[in-house]
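Report on the following structure.
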């Protein structure tokens, strides 16, 4: 009986670790195998306990109760993104419990290695869970399709290597006072996220539904637009974001162009990549961009005539994002003066060059900016500030060392103090930031104290990108 209890506890402890990291990576097993940044966690909490159980199962209880479980508890308390017990997670544990119960009955009758049995139980639970989720998703997808058909809104879908959430918010802000407009929340940009949003939150009186589409591999965006059958598509700037998944920039471009594959596409807008006669490229229509810490202004050609736009939104790249939003909104609102006034009063987007003044310090919250072009341009913006400049950053996530070396070089040019958070890019940043004072902060819970100790009134502090605990 004691051996069965040990087996049961071990199975659920390892299952708890696996479902936690799978949730971080959208339940993609391939991603936690090939793109997980803290491999030592897999070694400590999955590989070592299974190997130990296989080869020393008679004494495994000692390791379980005095080694593994205490270590797993400490790990759980330290991570900043604990397991969210969604319905999917509860179903996984139910499936795991059913298979484990069957296994314990079988194992009690036929004495075979419990370590191998545990591995089989975990693998079967993952397979069965995936089958169940696919069946349920097909049902939810069908429900969402029926709801969309009944509401029949005009649908706008947006993608880009970076800036798609900003473009979505700009389109929404420009349309919301004239039409019953709804946008997907936060950065929801997967098919499953959109289906859930439609089923649970899309209002029945929606006239315009603004969505965004993200991708980690070819076909992801095409799957979204073929489901939505959106009438309008926007393609923003393309760059080497998520290059570790796509391998080449050409793969990224081809995947992003899937945004125009909607079977009901009426009109598309692209910053620079052409597609077909339905898609208008606007790169050459944007000129005279001027970005300061007080806002951004630029000229935009519309129907052969130039118009001057001003906004308090920071960052020259946002002139591109807002221009794409303007071209889209012109499909619904023809009053350019009205649009100009709305652009002037666009609210800051949280965590995207959001300017805050507190305690005599200027805070630039750019923690959702995770691309090299955006980060470098934000540094140029900060460079204009005459006082002391401080950066808090983990560097670029899902990028190579060469990109982070460029970030480090620019930090050297602009900032007086760099606070490096997280281990993912610690070495490359530390070794390439040569002139700027630097501090490494392994535990972000201590950031408030560090800033209180090292900064003063009159300083500008920019939070540039952020990395989850598991990266």
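So here's what we get for this one:
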read-out: Zero-based 5 Å bins, Cα pair distances in the range 354-464, whole percents; value: 2, 12, 26, 27, 21, 9, 2, 0
read-out: The range 86-216: projected area of the alpha-carbon convex hull, averaged over directions, in nm²; value: 10.1 nm²
read-out: The range 98-170 versus the range 41-87: alpha-carbon centroid distance in Å; value: 24 Å
read-out: Using alpha-carbon coordinates, inclination of helix 191-200 to the longest axis of the chain, degrees; value: 80 degrees
read-out: Rg/Rh (Cα only; Kirkwood hydrodynamic radius) as it applies to the range 2-136; value: 0.95
read-out: Part-to-part distance (alpha-carbon centres) for the range 346-369 and the range 423-469, which is given in Å; value: 17 Å
read-out: Helix 114-151 vs. the chain, principal-axis angle (Cα, 0 to 90°, nearest 10); value: 30 degrees
read-out: Beta bridges by DSSP in the chain, antiparallel share as percent, to the nearest 5; value: 30 percent
read-out: The range 236-307 and the range 1-25: distance between their alpha carbon centers, rounded to Å; value: 46 Å
read-out: Degrees between helix 372-383 axis and first principal axis of the chain (Cα, 0 to 90, nearest 10); value: 60 degrees
read-out: The range 390-441: antiparallel DSSP beta bridges as a percent of all, rounded to 5; value: 0 percent
read-out: Cβ crowding within 10 Å averaged over residues, with 362-373, 116-127 ranked highest first; value: 362-373, 116-127
read-out: DSSP bridge orientation in the range 152-344 - percent antiparallel, rounded to nearest 5; value: 40 percent
read-out: Cα principal axis extents for the range 182-301, largest first, Å; value: 44, 37, 33
read-out: Mean residue ellipticity (222 nm) of the chain, computed from DSSP H runs ≥ 4 via -39,500 (n - 2.57), nearest 500; value: -14500 deg cm²/dmol
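Bear in mind these aren't lab numbers, they're just calculated from the coordinates by the rules spelled out. Treat the numbers as computed from the prediction; the structure is a model and nothing was measured. Glycine also receives a Cβ, built like all others from the backbone with ideal geometry; neighbour counts cover every protein chain displayed.
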